[in-house]
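Structure first, commentary second.
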């Protein structure tokens, strides 16, 4: 048998093998979901799927100084549990057009209407100190990709003398300016 015919046979069998693997993994999860959607087994299965998806999404855009092990650890269950807890605690207290005002453990934030999950994740990352912020009193901090200002508040809370906010997304920028309104008037935030 030539190497070409082996290569063709192998290439033809790979999709069948992949479908078989997916069937072995997915069918039990679907069966558990149908029989006991709120069981611990199902919750663990959902968590495993979420963590794998987060890992795959984060792996592509990771900083080269961040190891693959760090990316996997960042998707640990603790982050998801804290995010879910914060997501459950939040309360929509107001709104207008496509913006909503959300009460969270770290205060109120104006956010674009569909972004409650993003806000919960940002708050969870801060609570778990996923990203370290070595802010000393009097520092000038650049918050690039400031979103709605969660990191700006944290930097000011750690004593930053001034925070320069940069946010290109129009809806997030409107929210950012609302969330930092008092600090902008005081000259502590430039955005």
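A short reminder: the numbers here are calculations on the coordinates, not readings from a lab. Note that the structure is a prediction, hence the values are computed from the model and not measured. All Cβ positions, glycine included, derive from the backbone under ideal geometry; neighbour counts span all protein chains shown.
List of remarks:
- Stretching the chain fully between residue 169 and residue 113 yields a gain of 18.8 nm (0.36 nm per residue, less the alpha carbon separation).
- Each peptide among 163-176, 136-149 gets the average number of other Cβ atoms lying within 10 Å of its residues, and from highest to lowest they stand as 163-176, 136-149.
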